[in-house]
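For reference, the structure is listed below as structure tokens.
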Amino acid sequence: MTANLLEFDLDGLAIFCEGLGEKRFRATQLFRWIHQRGASDFAQMSDLAKSLRQKLQVHAHIAAPPVISQHISTDGTIKWLFDVGDGNAIESVFIPEDERGTLCISSQAGCAVGCRFCSTGHQGFSRNLTTGEILAQLWFAEHFLRKHLNTPDRVISNVVMMGMGEPLQNYSALVPALRAMLDDHAYGLSRRRLTVSTSGVVPMIERLSADCPVALAVSLHAPNDALRDNLVPLNRKYPLDELMQACIGYLAHAPRDFITFEYCMLDGVNDQAEHAAQLVDLVQKYARQGLRCKFNLIPFNPFPASGLLRSTHASVHTFARMLQDAGLVTTVRKTRGDDIDAACGQLAGDVKDRTQVQERMALQRTIALVAVPTVSTAASDDRH
Ligand code: SAH
Ligand code: SF4
């Protein structure tokens, strides 16, 4: 087995190149070929010495996991299902919006946290993804989109670790992948536009702030420990007080001056006026200790095994108003890609059969109908 170069951040690639007797600047050149140009064939890498290209051909390769399927929604959202072996599939979702293109990436096959409202959680845990499998999702999607949109410019401006899995339970593979996403020789993403979403792995929130501070989203879903214990079982290990303290600590190093709290709206379970009132009390208490936050209410995407229902529009509206009236910035997430099961919590590897011709036609429609933003590197306004 030769090494897959997608497994490395720049430091890792430099060590690999040293092992081949090559200097660090060669690793930088190689890294740019891979991530900025999307190259997978060493023969293409014209400015690398022939001797190095020959060594690479013997000792290395560049490959993403095979794509099992691609589904394109009428709203332009694209979902890819990748085969990561042993019957495991993972998903990535591209969401085009005005002024930005967001890629939602998976960190694990399945998830061990087992939240009640999440279909990935209901699947159970298969395994951690490697750095290369995490990074390959961006490498593949970015270069696929550039090719099909016929643009040399960056298409994906934002990455969210909100696909399958709990990223902070796969910390050692996650951090090099994040570093490569941020690296100016690769994707040059701004730290503010790279978001890790967690169900609340407290010790790893602390480590992330030291190792690789990026934007943080915390999946809260409940205003008290009793309810959160039930919805997000990890709360029994890291209860709300510890989680809030970790969020306050994170803010000292975070690229944004707030934490995003995600709150999945479940009919009759966590969406009543009493829950909103408790939530306001909770964050006001910790605001006195320095907590700054915003709320993102997510309409629940139902799946039969959950036994749960989506909150009504009226209760989402009332809930949002109560938070807003208390001075908390609150948005309601638009559901995207509903028709292709690409919405949050629906990423369960449900393979649908479509022919390649249908797929090609759907892609043409996306390209023709949806103004996918092209974000040139120079245009990113908020880089850190
Ligand atoms: N494990 C991480 C990241 C992946 S889940 C986390 O829990 O934060 C990404 C987001 O989707 C989380 O906020 C999660 O709570 C939400 N989610 C999961 N299942 C959902 C569903 N069925 N409907 C709506 N949101 C869901
Ligand atoms: Fe895992 Fe996140 Fe789903 Fe919970 S919501 S089961 S942590 S992927």
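Would you confirm whether any residue within segment 128-144 is more than 11 Å from ligand 2 (Cβ to nearest atom), among the acidic types (Asp, Glu) and in contact with a His (Cβ under 9 Å, 6 or more places away or on another chain)? Before the answer, list the steps.
Taking segment 128-144 and keeping what is more than 11 Å from ligand 2 (Cβ to nearest atom), we get 128-144.
This time we only want the ones that are among the acidic types (Asp, Glu), so: 133, 142.
With the extra rule that they be in contact with a His (Cβ under 9 Å, 6 or more places away or on another chain), the set shrinks to 142.
Among the residues of segment 128-144, at least one is more than 11 Å from ligand 2 (Cβ to nearest atom), among the acidic types (Asp, Glu) and in contact with a His (Cβ under 9 Å, 6 or more places away or on another chain), which makes the answer yes.
Residue-by-condition table, conditions (1) within 30 Å of residue 26 (Cα to Cα); (2) touching a helix residue (DSSP H, G or I) at 6+ places or on another chain (Cβ under 7 Å); (3) away from ligand 1 (no atom under 14 Å from the Cβ):
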site	(1), (2), (3)
190	yes, no, yes
193	yes, no, yes
199	no, yes, no
205	no, yes, no
211	yes, yes, yes
216	no, yes, no
224	no, yes, yes
228	no, yes, no
232	no, no, no
Going through segment 1-19 one residue at a time, which ones are assigned to a loop (DSSP other than H, G, I, E, B) and surrounded by fewer than 16 Cβ atoms within 10 Å (Cβ to Cβ)? 1, 2
Number of the exception - residue 66 against (1) open to solvent by 10 Å² or more (accessible area, probe 1.4 Å); (2) within 27 Å of residue 218 (Cα to Cα): (2)
Does residue 120 meet the test of being under 20 Å from residue 340 (Cβ atoms), touching a residue at least 40 places away in the same chain (Cβ under 8 Å) and open to solvent by 10 Å² or more (accessible area, probe 1.4 Å)? no
Search segment 268-284 for residues that are more than 16 Å from residue 332 (Cα to Cα) and pair each with any residue that is open to solvent by 50 Å² or more (accessible area, probe 1.4 Å) and not in a helix (DSSP H, G or I) when their beta-carbon atoms are under 8 Å apart and the residues are at least 6 apart or on different chains. 268/309
Filtering segment 113-130 down to residues that are at pLDDT 95 or above and touching a helix residue (DSSP H, G or I) at 6+ places or on another chain (Cβ under 7 Å) yields 113, 114, 115, 116, 117, 128, 129, 130
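In segment 158-172, which residue that is touching a Cys at 6+ places or on another chain (Cβ under 6 Å) and among the hydrophobic types (A, V, I, L, M, F, W, C) is nearest to ligand 1 (Cβ to nearest atom)?
Selected residue: 162.
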Residues that are assigned to a loop (DSSP other than H, G, I, E, B), farther than 19 Å from residue 248 by Cβ and open to solvent by less than 20 Å² (accessible area, probe 1.4 Å), drawn from segment 175-209: 186, 187, 188, 189, 190
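The values are calculated or read from the model by the stated rules, or taken from the named source; none is laboratory data. Source: prediction; values computed, not measured. Cβ coordinates were reconstructed from backbone atoms using ideal geometry, including for glycine residues, and neighbour counts include every protein chain displayed. Just so you know, the surface numbers come from the protein's heavy atoms only, side chains and all, with ligands and any DNA or RNA stripped out. Shrake-Rupley method; radii C 1.70, N 1.55, O 1.52, S 1.80 Å.
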